[in-house]
1. Give the relative contact order (percent, whole number) for chain B; include only Cα pairs under 8 Å separated by 6+ residues.
2. Can you give me the distance in nm between label points at residue B:4 and residue B:292, each placed 7 Å from the Cα along the Cα-to-Cβ direction?
3. Please work out the C-alpha center-to-center distance from region B:131-183 to region A:190-229 and express it in whole Å.
4. GNM on chain B, C-alpha springs below 10 Å: top fluctuator among B:258, B:91, B:286?
5. What ranking, highest mean first, results for peptides B:130-140, A:76-86, A:195-205, A:170-180 when packing means the other Cβ atoms within 10 Å averaged over each residue?
6. Specify the residue with the greatest mean-square fluctuation among B:106, B:79, B:65, computed from a Gaussian network of chain B linking alpha-carbon atoms under 10 Å apart.
7. Using alpha-carbon positions, what is the distance between the centroids of region A:112-174 and region B:217-257, in Å?
8. Taking a ≥ b ≥ c as the square roots of the eigenvalues of the Cα gyration tensor of chain A, is the shape rounded (a/c under 1.5), prolate (a/b larger than b/c) or oblate?
């Protein structure tokens, strides 16, 4: 399988803070990779570097063989990379349908075609009953669904999900996990930033751990939960004694 | 379906009424008010494309109004070119000017953008004030009166001006209606809501802003030419008047930003209020009509920040929902 995303020697400084230091990892096509680590580890910064919201100080990012560094976010999106935001950014005044249509317009100029594509994406995330609702009136999980539908409507090959499960109740987390699985089965390559270990274990076969902007571990979920450095930096010692325990990681 | 047909009938009646109005209204004073209403509806509609849909609060549209006014006047007086051609030329000049102005101002967001747009209009006014050899400086000039000369956009009756203003407004509304339903319309609203989210789903934000600014500037400049021809006079203070920038934004905000009819409704409301207050209170304590006008304005903006159109939409939504008790008040 070809590589969907190759990150090599990525660096980003904000003043004296080295937000991302020499991070390299590769996401293979059709896999779901989880990017984990404590708050401030550089996960969202990595997303912003990939999408072109920030320009890296050094390093390269390539998706499907194309170099992304220097591109603007809309160009990255046109190449087939879409993202959701940690704090959902729906177009609040627009209806759900109009939100998703705006994404669909990337590939279809005609409103009718865009509307049809948008309905498909809305149906996929299970939001059809809310089609006419103003985005700002949606519940948290529905806003996350909307973000995913809007990103999907741009017909990406690589989807970056930034904490789509934060703030959801356990039942909603299950729904979100199912949705991510469904996206993956559809053939999408997914990079997911998440704090909920239970969810990560359920969706990802490949985990990269960041701490203070550096990659401290990479591997299969089983290796990661047993890795002493990951336990020290992120999971907490209680996790080592009960690796099967569900629930979030201590910060 | 039924609503659509009703809307079509309503629109057709409004058009018919507007076309026939000068036959009934012969008072020059009343026609003057109508022309001002149409003109500011037009400017507001042009402003609304950028300021309303994309929420880029420009308070510098006087720059384009003035450029339109000066271009056609210079062409007419120095080269004898008809203002009809000058009007389009003015639009093109404004469109071209919007590129560097936008290039500078769009780097800034929010209030900083607004301040920058104010500055550009002021700078242009100062340029036309100081460079006297080029365009008459502070004294300005009158437009040579040729009597009834339709080809030179001069008429012996106000009704003609009325129809030109009506045509301009119809043009701006048609352009807006078309954009509103197109991809660009969705992109504009998306930019107004959240620029980062728009970029992330493939919207080339700077390009969309630049393009809509060009259209908005072009249309605003047409109003400048028209106004100068209408009052037969131009000077920097009139052409680049800050009030033009304010009115353009105000009528849209009161009527409802980012809606097709918002600026029209806003203008009708504000101009009518202002004219009525003027005639009721104008003869009492000086300036009291302006105070009352400002109070009404503040009340409207505090009470309905979404404007009259927003109020109507909410009202319709609330009526449609049953039982009404469940409707979200103050959504």
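1. On the way: 484 pairs, mean separation 98.1, N = 331.
Rounded, it is 30 percent for chain B.
2. It is 4.5 nm.
3. 66
4. B:286
5. Working: B:130-140: 13.0, A:76-86: 22.7, A:195-205: 20.2, A:170-180: 17.5.
Most protected by this proxy first, the peptides run A:76-86, A:195-205, A:170-180, B:130-140.
6. The residue with the greatest mean-square fluctuation here is B:79.
7. Here the answer is 43 Å between Cα centres.
8. Numbers: a/c = 1.89, a/b = 1.33, b/c = 1.42.
Here chain A falls in the oblate category.
Read the figures in this text as sums done on the coordinates, not as results from a lab. On a predicted model such as this, the values are computed, not experimentally measured, just so you know. Heads up, the Cβs are rebuilt from the backbone with ideal geometry, glycines too, and the neighbour counts pull from every protein chain shown.
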